[in-house]
Every structure is written in C-alpha cells, then in structure tokens.
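Coordinate-derived values only; no laboratory data. Keep in mind it's a predicted model, so treat the numbers as computed, not measured. Neighbour counts are summed over all protein chains in view; Cβ atoms, including those assigned to glycine, are modelled from backbone coordinates with ideal geometry.
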Amino acid sequence: MPDDRLHIKDVLDIRHPELPRWAPDGDRVWFLYRVDGRPELWEAALDREPRRTSRVNDRVSFFAPLGAGVCYAAGGALLLVEPEGLPHVLVDLPNDIGGLSVDPEGRIAFTAGDRLWIVSTVGAGMPFLQSLDPPHPLLGAVEWSPSGRRVLLSVLRHGAVHALSVFDLTGRAVIFESAEGTIPVQGRFLDEETLLVVRSTPDAMRRDVVLLRVDTGAERVLFTESDPRGIVTLGEASVSPRGDAAAFIGTVAGYPHLLLWERDRDSLTTIVPGAHEDHGEEHEAPSFSADGMLVAFSSSHGGSPQDRLVHLYSRRDRTLRVLTGPAGTHVDPALSPDGTRVAYLSSSAQMSLELHTAAVTGTPVRMTYSMPAVWARTRLVPPEPVELRSLDGFRFHADLYRSPDAVRTPAPALIYVHGGPMRQMRAGFHPMHAYAVFHAWNQYLLQQGYTILSVDYRGGTGYGVDYERGNYEGPGQGDLADVIAGARYLKSLPGVDPGRVGIWGLSYGGYLTLLALTKFPDEFRLGVNLAGMWTYPETSGSGRVRFWERRLGGPPGPATTRHYDEASPAHYAERLAAPLLNLHGTADESVEFQHLDAIVRDLTRLNKRFEVMYYPGESHFFHRRETWEDAFRRMEEAFARELAGA
C-alpha cells in the first residue's frame, strides 16, 4: 500500500514554475522551473511533454528569446539553446551575469563585473564579444533601445545612489543620466528618444511616472502620488512593443490599480476601478500583444481579496474579459505575440502552482504536473479566511488551517508570520516560491496534529493602501498587535491547548517572532526565527534603511526614538522566556548575518535558552534542498519537544 502520510521530502519535491514567456513564433513557452529549489530553464509545447533545456545543475538567473531559440545566464556563463538542440556556451566569465536583454538583430547585452558586455552571434559557437566600461558601477538591469544603438542601464552613482544611464554604443559614452534627488525604481524605452520612468523621492513619500527625453532631459509627468506614510511600488511597468502605450500600477481611490497611458489619446485610463488590487505578485508585469492592442494582467477584481484572476483588456473596443476563475491564484499572464493565446500560472489550496495555456476564447490546457503522487492521495486542508480585531481595534485578516479532527482533543497550535511586510498570503499555494513551500510545510504540520493561523498583519498587501501603510510609525507595534491578537484568537478555539502555542516566520516574519517572544513573553511556548532582524539598521544610504526610516517616521532622532526602540527586539531581550530556535544563512543578501551574531551575544550574556544553526553560503530564502531538509527537521523536533511533548 502506498504511504499517504506526508514527509519532509514530499514538501521539497514539489516543483515551482515561474516567468512564462512565449517563443517569437508562439508555438511554445519558456519558463523557469524550480526543481529542488534550483531554477532550471524549461520549454512547454502543446504537442509534447515539457522538457528541461538548461544544463544539469545550472542555476538559471535570466533568459530571453533569441531568434528561434533562447539564451540564458547561469552564474558567469551565457548559453544558447537552439530549437531541439542542447545548450552550448557563448561566454563564460568569472563574475555572475546580472542582467540580460536581446535586441532585434539578435545581439545580447548583459552586465557582469561592473562592465557592459555585448555578444553578437554570427553562428553556432561563433560569438563576437565586446566589453564596455560605463562610468558608474552597474546594478544589473539592462535594456536595448528599439534601434539597438543604445542601452539603458541601472547604475550606482557616487557609489550609493541608484540612477539610470543611457549608454550610446556608437560613441561609447553615457548620453543621459537620471536627475539627482530622485530614485528611479523602473525604466523602459518608449521609443529611441523617450524613457518611461517610475521614480521615487529618497523618503519614498512621493512617486512619479514620467516620460523623459534622452536628448534634452525634458520630462513630462504622467502620474504622481504622495503619502506621508510612504509608498511601496508594486508590479512592473510595461511598454507596448510599438511604443504607443504603457501600463503601470498607481493608487486610485485607495487601491493599487493598473493605469494605461496611450499616445494617441494622451490620457490615463484606470482599466478596472473599484475595491480590489491589480497585481498578481510583487514583480508581475502586464503583458501586451505584439500589436499592443491587448493587455493581459492579474487582479483580485471578480474574486475575494485573496484571489487573483487573469483579465484581458482590448484597446480597440475598450472591453474587459476575465479569462480565469472563479477563484484561486492565476498570475503572471503572458500573451502570445499574435494575441490569440495566453500563458499563465495557476494554483489553489489543493494544487501547487502550474503552467497553463489557453486560447483567449478557449479552454485552458495544463502544461505542467509539479506535485508528487502522494499529494493527490493526501487530504489537503483549505484555509478558512477570518477577519479579526487587533489589540488596538484594527481589523485584520488571517487564514485558519485546522484538521476536521482538531476539535476533539486540545492539541498544540502555531502562528505563522509571513515576511515582507508587503506581502499577502493566498488561500493555498502562493506564486512566490518561498510561500508555496511554506503552504506545503503547513499542510505537513497539520498532519502532525497542529492547528495553524497564518496572519496577514497590517503592512501587508491585498486589502488596499490604508492596510498596506497601516504600520507607519508602527513596526513592532501595530503589526505585532495583530499577531498577538491572532494568537489569542487561536487559543480560544476548541481543540487548541492555549498553553502549547508556538510562533515562527522567515525574514520580517522572523523579526515579528523575535518581537512577540520578547515583548509578550507569556504568549508563546516556543519561537522559531528564520533570518529575522534583531535590531533596526543603522547604516544610512541603502534601500533597506530607507524602508525602515520611512516606516519609522524618519531617521533616528528625538522625534523617532520611541518608534525605533519599539521596533527593536534587542531592547526587550531580557524579557525572553520561551526557548528560541534561530536559523540563518551566512550569505543572506537581505538580513545581514551579523543579526544572528548579535542574538547569540545578547542571549548568551542574559543566560537565555536558545539554539542556533547557521548555514555557510546560504541566501535569505535557503536555495539548497539539503539546507531545508535540515531546517525543517530541526523545526519539527523543536515543535514536538516544546509543544507536542514528544
């Protein structure tokens, strides 16, 4: 008889597709497939099974169509895959490739080692390589102009200030740089002389979408918004292939909506006004057809706040159609060049993220099957959405996971806290890989007898900008109040033993875990912190510090001292009573490993009970399967020991 119980390996065996992109002829879709946490390049076509096109063990960072084939970057290697062929190396450099773009003539531009590289492919295995040296360090993003004479680069001016540069290949010189005093978040060529730029002020209290002339520096503001609570940019801007339209996210009547600017109308259109959000996941971009007349995007319009449905808008007749539904997570739509088909990613509480394609007037076809067979035999538990009142009266959202047998005997329970904070959990498998893994992990924990509450605390997305900006001057206060109120609700449920409740989270979730254990020491029996901050950042200049300064009401000073103290778990370390498990990678790119050093230093001095596991070379969300196997095993043992009494 097959084993119907889940194991840790089953959690990690689920594959995760990302970034579907059509081939120029529209006969197949390329996408990234995370297999054992490693991003591989795959292709899917209607007439055959999906196949891996990257080499074994390549960790693919970027890819782009090139003629009838595709090129991709893995580390410092640039490779080409021709139709039905095997990948072969065009370039292999000592530095990782940080960006990738292909022009109409098939030339590849990319960045590596603070240099701009151009590869011309004369024939298979015969690349011509140029190396150019822009005046500023490069951040990675690169985009060709329509003619292929210029390249748009993301740079660090003065070593610390994010800026955009246009590098002219003919004169080998920078011919445009974005203005001082602003931070360009995104940039796109609209035409040879015009950039569409989404930019922010350094304090992130104002955001503009502007058209910039490369030759004169003249600009025209298309859209602006300001808020003293700070603005988080969601989604990516897109430009139509003909340069006659652009689509981007802007706040309208309290919700982030997709706005369409059209050159012939010279006006902005809010495609779907109302109380919903028009982005499927954090970095999703709307997709134009090749003629620019169709726009596909994801929105919660037509569903619950946790749903995302694919919508298709026609610029010809100003009509809107919903292509998916009625519920679930349907995101990252990509229109085929001729606009007749759409590829997108879809998931639910019972189905992990899968690649689908469909004629815009037809039935979807599922292209991938990413879940091992054991998941089909497992009774997956859909979350129950609940709306709760916080300690200060704020209304917040959460998801309750409980087994049908949970009400019979008081059992242990867990609070799960997501990261971000600008995230939203979904009613099932998430489009972001980390949260998809955690949904599967929560299902595993349900089988071990735990009831789980996932808290969408204020500061998160999905419920309007007042919700997303609701922790202004309040990190470690309002958002923590939501978490504690969620824990008290969880303890009130039949079937939950209020004396055996733990809490865990990654990143901002780890940070809130640390705050919960130190500021409310009697609430939890155990905490697990994965890569959480122990104190607020103190080094000025980085985007991470600007985020904290914005949320905390400004830089450290007399007016903000209380906010900074409230936001720092280290200030309350003496109160820690519950045992604490800490897991962190030494190469964390988001939360410096020094935070774990500080936790060890302070808790050792205070003689607190804690455990530590560090993982050499690991990133913020661990990228090696064996790391997660070890981390989940340690978490399961800690839960069993402290909560289940095993």
Net dipole in debye of region 379-644 [+1 Lys, Arg Cβ; -1 Asp, Glu Cβ; about Cα centre; nearest 20]: 360
Average projected area [Cα convex hull, region 75-234], square nanometres: 10.7
J(HN,Hα) series, region 521-532, from Karplus relation 6.51 cos²θ - 1.76 cosθ + 1.60, nearest Hz, glycine and proline x: x, 9, 7, 10, 8, 6, x, 10, 10, 9, 6, x
Residues whose placed amide H lies under 5 Å from that of Glu236, excluding near-sequence neighbours: Glu284, Ala285
Cα long-axis angle, helix 594-605 against the chain (0 to 90 degrees, to the nearest 10): 10
The chain, helix-only ellipticity at 222 nm - DSSP H runs n ≥ 4, -39,500 (n - 2.57), divided by all residues, nearest 500: -4500 deg cm²/dmol
Positive-pole candidate from Met613, Ser568, Phe639, dipole of region 503-646, charges at beta carbon: Ser568
Whole-Hz couplings from phi, Karplus 6.51/-1.76/1.60, listed for region 92-109; x for Gly and Pro: 9, 10, x, 9, 5, 6, x, x, 7, 8, 10, 8, x, 8, x, 7, 10, 10
Nonlocal amide H pairs with Thr251, under 5 Å, H built at 1.01 Å: His257
In nm, spacing of pseudo-spin labels at Arg48 and Glu262 (7 Å Cα→C-beta vector): 4.1
Solvent-free Debye scattering, log10 I(q)/I(0), computed from the Cα coordinates of region 321-394 at q = 0.21 Å⁻¹: -0.95
Overall form of region 436-568 per C-alpha gyration tensor (a/c, 1.5; a/b vs b/c): prolate
Formal net charge of residues neighbouring Ala559 (Cβ-Cβ distance under 15 Å; K, R +1; D, E -1): -2
Spacing of the two label points (7 Å from each Cα toward its C-beta) at Glu626 and Ala640, in nm: 2.2
Euclidean distance between Cα centres, region 143-172 to region 602-646, Å: 43
Rounded, prolate or oblate (a/c below 1.5 giving rounded, otherwise prolate when a/b exceeds b/c) for region 1-102 by Cα gyration tensor: oblate
Relative contact order for the chain, counting Cα pairs under 8 Å that sit 6 or more residues apart, in percent: 9
Two-decimal Rg to Rh for region 253-340 - Kirkwood Rh, Cα set: 0.95
Relative contact order of region 379-644, defined on C-alpha pairs under 8 angstrom at six or more residues apart (%): 18
Assigned charges on the beta-carbon of Lys, Arg, Asp, Glu; the chain dipole about Cα centre (debye): 1060
Relative contact order (percent, whole number), region 122-269, Cα cutoff 8 Å, 6+ residue spacing: 12
Top positive-direction residue, dipole computed over the chain with Cβ charges, set Leu195, Pro83, Met422: Met422
Whole-number Å³ per residue for the convex hull built on Cα positions in region 47-156: 107
Per-selection Kirkwood Rh - the chain (Cα, Å, 1 d.p.): 25.8
Loop-resident sites, region 19-87, for GluC sites (Glu not before Pro), counting at most 10 other Cβ within 10 Å (DSSP): Glu84
Whole-Hz ³J(HN,Hα) from phi, Karplus 6.51 cos²θ - 1.76 cosθ + 1.60, for region 606-618, glycine and proline x: 8, 6, 8, 8, 7, 10, 9, 9, 10, 10, x, x, 7
Debye, to nearest 20: dipole size of region 230-355, +1 on Lys, Arg Cβ, -1 on Asp, Glu Cβ: 340
Fraction of beta bridges assigned by DSSP in the chain that are antiparallel (%, nearest 5): 85
Set of lysines near Lys519 by C-alpha distance (under 22 Å), chain-local residues within fewer than 8 positions excluded: Lys491, Lys608
Taking the C-alpha atoms of region 379-644, convex hull volume expressed per residue in Å³: 121
Tensor-based shape of region 509-646 (alpha-carbon gyration tensor, a/c under 1.5 rounded, otherwise prolate or oblate): oblate
Cα convex hull volume per residue for region 332-441 (Å³): 164
Rg/Rh for region 216-372, where both radii come from Cα atoms and Rh is the Kirkwood radius: 0.98
Cut-off under 5 Å, modelled amide H: who pairs with Val365 long-range: Thr357, Ala358
For region 185-275: span of alpha carbons on each principal axis (Å, largest first): 36, 30, 18
